[in-house]
Every structure is written in structure tokens, then in C-alpha cells.
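One structure is given here, and the rest of the page talks about it.
The values are calculated or read from the model by the stated rules, or taken from the named source; none is laboratory data. If you're wondering where the values come from, they're calculated on a predicted model, not measured in any experiment. Here the Cβ positions follow ideal geometry from the backbone for every residue, glycine too, while neighbour counts run over all protein chains shown. Note: accessible area is taken over every heavy atom of the protein model, side chains too, but ligands, DNA and RNA are not part of it. Shrake-Rupley method; radii C 1.70, N 1.55, O 1.52, S 1.80 Å.
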Amino acid sequence: MVNAGDMNGSGNLMDFLDEPFPDVGTYEDFHTIDWLREKSRDTDRHRKITSKSKESIWEFIKSLLDAWSGWVVMLLIGLLAGTLAGVIDLAVDWMTDLKEGVCLSAFWYSHEQCCWTSNETTFDDRDKCPLWQKWSELLVSQSEGASAYILNYFLYIMWALCFAFLAVSLVRVFAPYACGSGIPEIKTILSGFIIRGYLGKWTLLIKTVTLVLVVSSGLSLGKEGPLVHVACCCGNFFSSLFSKYSKNEGKRREVLSAAAAAGVSVAFGAPIGGVLFSLEEVSYYFPLKTLWRSFFAALVAAFTLRSINPFGNSRLVLFYVEYHTPWYMAELFPFILLGVFGGLWGTLFIRCNIAWCRRRKTTRLGKYPVLEVIVITAITAIIAYPNPYTRRSTSELISELFNDCGALESSQLCDYINDPNMTRPVDDIPDRPAGPGVYTAMWQLALALVFKIVITIFTFGMKIPSGLFIPSMAVGAIAGRMVGIGVEQLAYHHHDWIIFRNWCRPGADCVTPGLYAMVGAAACLGGVTRMTVSLVVIMFELTGGLEYIVPLMAAAVTSKWVADAFGKEGIYEAHIHLNGYPFLDVKDEFTHRTLATDVMRPRRGEAPLSVLTQDSMTVEDVETLIKETDYNGFPVVVSKDSERLIGFAQRRELILAIKNARQRQDGVVSNSIVYFTEDPPELPPNSPHPLKLRRILNLSPFTVTDHTPMETVVDIFRKLGLRQCLVTRSGRLLGIITKKDVLRHMAQMANQDPESIMFN
């Protein structure tokens, strides 16, 4: 034993914490990071590298490598995300067609690829070629008739069930986090929450494989949301290769923000829309540097996808369209009506889907995820097959609805009655009366619309990867196309009405129904997600319709206004609240006149605050306090009588520090004094070796006075990303407010259940 006098005299008391030890500065699972601390740690690291770079050429090169590591990570994310998206697109194309038939020359060819290679395909029958055989032709040598239809129907359902069962089994066994859209969790992670394994390698692998299976199964879901999750998994993987990002949770989140942009870039072929989506919808902290890097990652990802060319049309997306007619002011009215429809559909979907997901969580239904997926897949396949518009993949459906009717179109939607005397250029066909095919298509689309609206409510949120962008766009595109055909026929038959007289003369090409489908798709997607700026940019990048920005803006803004009138939450925020994640939404306003003293703990009648003193507690006292409480950290005060605040110590770092001290420092025993000051306290002779823990003490914890308005406190938590904030009066500690307390108080003020906030 060394007495205190000897130690003071020698002046070489070792503060073993001057050497960083493993795991210090890391966080436990399901906890929130301290943004201020991460920022200051990065500033210290940067200062150290800058000062060292002047010492030698090697250190200067190391500093350059450190500066460039961010761009290297972005390059790698873009390359991997683009490659995975291309592979997913090609695999989905093949497996979707596999439900209906197989290519005899090479079974890995999709229907389209199979007929490309055939020399016997004519233009009129371009979907029929000898090399592609339906299952009925292959198995019973019949292509027409009731038996062939029933066999094809049965095999369509069996393939769909097989794909869905395989997907849900893989998710359950290997990566439970691979289910869902992923965007609500990505938003929560980017706000500073830790969910270990959510962005892991297994999740990346299983999500990529199962995404192909579920989209091919014909379920009413898309791959766009999950592609953002896949890209963020790529970002997390490459971050772990560079210590600059792997050791700093704040810096890692900058990379994940850029990865989210790359995900949307490859999902929609919209690099600029991806950057804006990350900025508007998912990111919590988005400095200018991240904006540039997101742009670079999105560019590389889009370039990689373009190189793979999965759709064979030299475009980044399946539904690239070019319209040849301008839009007219009178058309703004139906566009705004579509916006109203989008807002109402968004509200209906969010309410019904959240009610169903809540029921899934709180009843026995949630115990049978595999059965639920099988039942929904069976219902989807049985109802979808008879209707040609629901049988095909949703992306192909949207592509057909967006298309303008040219002279070469063979779709039912283009079955107009032609004027035999028409001699006009191919791309400028005048409005014509609808033929029987258009009327058949209209009632089939009406049935498809009802089916999509209902089935999507039950599909989103199951234990499989499921995106919402494509089903929402499909609902809007169907409604939009029907409205477009209605307006077109109205203009044709009543061109002498005052609203049509100025711009729609007989024989003119006035109304483009495909444009209405595009506007409807934007309106419904906006109603569900509440996106505005990024949505319009994604839509015009997606379709190439730069001229139609105003109709898209009108529909997007209208749908947001209408949906916001019924509730401010988009689908992702609603799922965040349903799961109880601690997410402080920047968009939420807090207008109640409460004070910090109303929210802080301990409240009246509760046990006093658990605190550490600066130099009067033993190791055993500290360990007992840690064992008996489950708090994330403890304020450090001068003494329990004065309660004057010194700093704040994190629970995890206290545990690690004491554990390491017992292993590495001689003489530390249970009754050793723990002190947080610069100099050791005066101790009696022969007392055990004291333990200095000043290194882990945060000497500048954020404090507010007890009379600070909660409006200000909420703003501080939101803008600085705090975990906790101490409440003082005249320098004396009164209590503590954590992020969880703030969220619970906000829920209480909004007449919601405060216990729904589960995590800290």
C-alpha cells in the first residue's frame, strides 16, 4: 500500500486513463449518441493530425490520406450500391417472368431478353416467340383453353408462394432486421440512435436476396425503400474500414446520410433527387460537406447502374417517357383534384396501416409472421392473376400507365378509333374517340385501383423487405390515367365548351393521359410520405418530363396540404412512433408553456437524484450505485450537502474504467477512494491506493435553469442532439432531463401515451 503523503511527494501518480482503453467512448445498443461529444472528439483528432503533419513527410502523407478517406468511402459506396441495384433489377425481371413461363434457349433469360434473341418474332406479335413458352405449353402442350389457363393460374400462385415463403424464412432465420422498408429505422439511426446489427453484413446480404424474392412474388410492395437500407448497409460496412468513421458515431452518420442519397439515386435513377431526399426526408444532421459527398456518391451509384444497363433501354429507370404536347392552364384543375386524391389516400393508408400494424404487435397475429406472409401472398396472387393490370409487375404497370399512345403502341389503353384519312407525323396523333379496348381497360383499372388500395395496407409492415414508393405511385398512376382518359374524351366530344375552345380544336392533340398518371403518382407518393421538393425532382428525373414541373409541384403541394389537415405525420414518422424509437422530429412544433422544472427528474415525492461526489466515494460505493440503478450516467457534485455541479460521468465509461483499473493498476481495491479532481484528496496513512477518473468526466455538461421554458429545452435537444441536460439553480444541481423525458412530455402534451417511448 502507498500512503497519500508519499504519492503527493513523488508527483508521479499514474492516471492510467491517459492511455485510452478499449471501448471507451462507445455506446450500448438502443442508446442515443452524444453529438456534442462526438463533434469535439473529431475536432481533437483533426487538430492532432494537423499538428503532426508538420513533423515529417510520412505524417503529411497520412494527413492527406485522412482528408481523402471520405471521398474514397463515397466512391466505394456508389460502386457497390449501383452494382447491387443492377443485379436486383435483372434478377427481379427474370424471376417475375418465371411465374408465367420459361425461355427454352437459356432459362436465365427473361421474356423480353428471350424474344430479343429470337429471329422468328414479328412486330405485331413481339410478345410471342417460339423460344418463350408458358408453363401450359411446356407441360401439356396447350396454350389456349380452360385447362391451360387453370394450369398457368395454379403455377403462378405456387411460384409466388414459393418466393414469399423462402423470403420470410431467410429473414426470420438469418437477419430479422432485414424486414420492412428500413427508412423509419434509418431516420432514427441518423438522429443518433444506436441499433446494432441493423446495418450489418448479414442484413445487407439477406435484404438483397429477399428483396428480389418478394418483388418477384407479385406482392404489392416496391424495392425503392429497401434499396436505401441496402445502400446504408454498404455505407456502414465501408465506414468500419476507416478509423476516422468507425471510432466516431457522429462522423459515421455523415457517411450514412450520403449512402441514403446513393440508395435513392439507384432506386429511381435520380441522383439529384436522392441528395434532396436525404436532406429533406431522412437526415438529421446534414453539413455542407455531406451535401457534396452525397452528390458524389449518388453520381457514382447512378453511373454504375447506367453501365450495367439493367432495363436494356440505356436509361436508369424502367419508365422513362417523352411527351410531345404542352400542358394548358385549364388542366391545373384536374391536377389539383389528383393532389386532393393523393392527400386523402395518404391519410387513409397511414391510419389503416398503423391500426393494422398495432394490431399485429398487440395480438397473437404477430406470433405467426410466416403464416401472415403466406396468406397475404396467396390472396394477392389469386386476385391479381385474372386482371392483366395486376398480374404484371407493378413497375411495368406504372410504365404502361405513364406511356403516351404513339402509332406503334399495342396496349389496350391505346385502342382508339382511328380516322382513316389521318396523315400526320407519328408522334403527334390527334385526340380520338375511345375504342372498346379503352373501355375494357377502364373497368379493369378501376378494379386494380380498389385491389391495390386495400392490399397495400396489409402488405406494408410484414416481416419481409417492403417498400412503399412503387405501390403508392401505382395507386396514383391508375387514378391519374383514368382521370386523363376522362378529360381527353370530354375534350374530344365537347371541344366547343368554353374551357376547351381556346386550346383544344378538332384534330389537335390536346390532352396527354400519361401526364395525368405521372401527376397522380406524385400526388399519392407525396400524400403518404409528405415529401415535396425531393418528390418533384425525383419525378422529373424519373420520367424526363422537365416541362411538367408546375403540374407536379401543384399536385405535390396540394396532397401535402390535404394530408396535413388530417395529421402531420408521414408514414415513416408514424412507424417510428409505433415502434417507440426516441426520434425528435425537426418538423414538430412545441407550443406549450411548461418549464424545465415541470419535466425534470426527480419530481416531488420521488427519491433524490443519484449523484457521485468528487472525492469522497469508494470504488465499492460507485459499483453499488451502478448496480442498483439503470441510469446512463451520473452528475458529479462537490459533496452531497453543497450539490454544486462539477461535471457528468457516463455509466458505461465508469464500468469500463473501474474494470480496467482493477486489471492494470496495482493497489486498487473495493475501499479505494474514487476522485474526479486534478489532485488526490488528503488521505490517512496506509489507506488504499486512490483511483483517479478525471479523464472520463465531462467537465462541460449542458445545463439549463429550472425556469427555462420547455420550448427552448426542446429546441436545444433537437438542434444540438443532446442525450441529457442538467437542471441547476444558482450553480446547485436540482435535476436532470433526458431525451426520453422530453419525448414523453411532448407525447403527454399531445394527449398520447407517454409510455409509448420505449428506448432512451
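Of all the numbered requirements in (1) modelled with pLDDT of 90 or more; (2) in a helix (DSSP H, G or I), M531 misses one, and that requirement is (2). Count of the range 319-347 residues, restricted to those that are among the aliphatic types (A, V, I, L, M), closer than 28 Å to T456 by Cβ and open to solvent by less than 60 Å² (accessible area, probe 1.4 Å), is 3.
Tell me whether the range 388-399 contains one or more residues that are among the basic types (K, R) and part of a helix (DSSP H, G or I). Yes, because at least one residue in the range 388-399 is among the basic types (K, R) and part of a helix (DSSP H, G or I). Applying a threshold of 7 Å to beta carbon distances and a minimum spacing of six or more residues, or different chains, the list of pairs starting in the range 368-383 at a residue that is among the charged types (D, E, K, R) and ending at one that is open to solvent by 20 Å² or more (accessible area, probe 1.4 Å) reads E372/L365. Are any residues in the range 137-169 part of a helix (DSSP H, G or I), among the small types (G, A, S) and more than 28 Å from the chain's Cα centre (by Cα), and if so, which ones? Residues satisfying the conditions are A146, S147, A148. Filter the range 619-644 for residues that are open to solvent by 40 Å² or more (accessible area, probe 1.4 Å) and outside any loop (DSSP other than H, G, I, E, B) and give the result. Matches in the range 619-644: E620, D621, E623, T624, K627, E628, R644. Considering (1) open to solvent by less than 20 Å² (accessible area, probe 1.4 Å); (2) not small (G, A, S); (3) not assigned by the TED database to the domain that holds A355, the lone condition that M531 does not fulfil carries the number (3). Among the residues of the range 692-715, the ones that are open to solvent by 30 Å² or more (accessible area, probe 1.4 Å) and modelled with pLDDT of 90 or more come to 8 in all.
Counting the residues of the range 188-226 that are part of a loop (DSSP other than H, G, I, E, B) and either free of Cβ contacts under 8 Å to residues at least 12 places away in the same chain or over 13 Å from I88 (Cβ atoms) (or both) gives 14. Filtering the range 470-504 to residues that are open to solvent by less than 10 Å² (accessible area, probe 1.4 Å) and of a type in the set (S, T, N, Q) leaves only S472. Checked against (1) open to solvent by less than 40 Å² (accessible area, probe 1.4 Å); (2) touching a strand residue (DSSP E or B) at 6+ places or on another chain (Cβ under 6 Å), A164 meets all criteria but (2).
Pairing residues of the range 355-366 that are touching a residue at least 24 places away in the same chain (Cβ under 8 Å) with residues that are assigned to a helix (DSSP H, G or I) and open to solvent by 60 Å² or more (accessible area, probe 1.4 Å), at Cβ distances under 8 Å and at least 6 apart in sequence or on separate chains, gives W356/F458.
In this entry, G192 passes the filter for residues that are farther than 20 Å from E100 by Cα, buried (at least 24 other Cβ atoms within 10 Å of the Cβ), assigned by the TED database to the domain that holds I88 and touching an Asp or Glu at 6+ places or on another chain (Cβ under 8 Å).
The set of residues in the range 274-298 being surrounded by fewer than 20 Cβ atoms within 10 Å (Cβ to Cβ) and not aromatic (F, W, Y) consists of L279, E280, P287, L288, K289, L291.
Here the range 716-727 is the region considered, the condition is being in contact (Cβ under 8 Å) with a residue 12 or more places away in the chain, open to solvent by 10 Å² or more (accessible area, probe 1.4 Å) and not in a strand (DSSP E or B), and the residue that is nearest to N632 (Cα to Cα) is R723. Across the range 579-603, which residue is most open to solvent (accessible area, probe 1.4 Å) among those that are among the hydrophobic types (A, V, I, L, M, F, W, C) and at pLDDT 90 or above? Ranking the candidates gives L595 first. Residues of the range 663-684 that are in a helix (DSSP H, G or I) and in contact with a helix residue (DSSP H, G or I) (Cβ under 8 Å, 6 or more places away or on another chain): R664 alone.
If a residue must be open to solvent by 50 Å² or more (accessible area, probe 1.4 Å) and either at pLDDT below 90 or not in a helix (DSSP H, G or I) (or both), how many such residues does the range 358-387 contain? Going through the range 358-387 one residue at a time, the tally reaches 8. For the range 167-188, enumerate the residues that are open to solvent by less than 10 Å² (accessible area, probe 1.4 Å) and β-branched (V, I, T). If the condition is that a residue be open to solvent by less than 10 Å² (accessible area, probe 1.4 Å) and β-branched (V, I, T), then V168, V171, I183, I186, T188 are the ones that fit. Residue count for the range 574-588 under the criterion of being touching a residue at least 24 places away in the same chain (Cβ under 8 Å), assigned to a loop (DSSP other than H, G, I, E, B) and of a type outside the set (A, V, I, L, M): the result is 5.
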